[in-house]
1. Using amide H atoms built 1.01 Å from N in the peptide plane, name the residues 5+ places from Leu17, or on other chains, whose amide H lies under 5 Å from its own.
2. At a Förster distance of 25 Å, what's the computed FRET efficiency of Leu47 paired with Asp24, Cβ-Cβ distance as r, to 0.05?
3. Rg/Rh for region 15-67: what does it come to with C-alpha atoms and Rh from Kirkwood?
4. Once phi is turned into θ = phi - 60°, what whole-Hz ³J(HN,Hα) does the Karplus curve with 6.51, -1.76 and 1.60 give for every residue of region 19-28, x standing for Gly and Pro?
5. At R0 = 35 Å, how high is the FRET efficiency between Thr13 and Asn34 if r is their beta carbon distance? Nearest 0.05 is fine.
6. Order of Val39, Val33 from fewest to most other C-beta atoms within 10 Å?
7. Residues with amide H under 5 Å of Ile23's amide H, sequence separation 5 or more or different chain, H placed in the peptide plane at 1.01 Å from N; which?
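What follows is calculated from the coordinates using simple rules that are stated; it is not laboratory data. Being a predicted model, the structure only gives us computed values, none of them experimental. Every residue, glycine as well, gets a Cβ built from its backbone with ideal geometry; the counts of neighbours run over all protein chains shown.
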Amino acid sequence: MSPHQTGTISSRTRPPLCAITLIDRRTGRPHRVNGAALVSLSRDPQLAAAELLAGRDARIWDARIQPLPASTTA
């Protein structure tokens, strides 16, 4: 039985989870929506960053990618 069939996947077989934050280059700070920073979680951070930046002015916006620590729970 494959890991996909059991509903569990070993952390060794999947890429690390990353937080992708939309950054305003003018201020160097995260873009906020109703006071909360706009953050996306993804195991494909390059794709997620490209999607966050799609249709935005590259002179104003950037994406910051931060790998999240691996979970220590079983």
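1. Counting only residues 5 or more places away or on other chains, the set is Leu68.
2. So, using R0 = 25 Å, E works out to roughly 0.70.
3. Numbers: Rg = 10.7 Å, Rh = 11.1 Å.
Using Cα coordinates only, the ratio equals 0.96.
4. 9, 10, 10, 7, 10, 7, 4, 5, 10, x
5. Details: r = 37 Å, r/R0 = 1.05.
According to the calculation, E is roughly 0.40.
6. On the way: Val39 14, Val33 9.
With the sparsest Cβ surroundings first, the list reads Val33, Val39.
7. His31, Asp62, Ala63, Arg64
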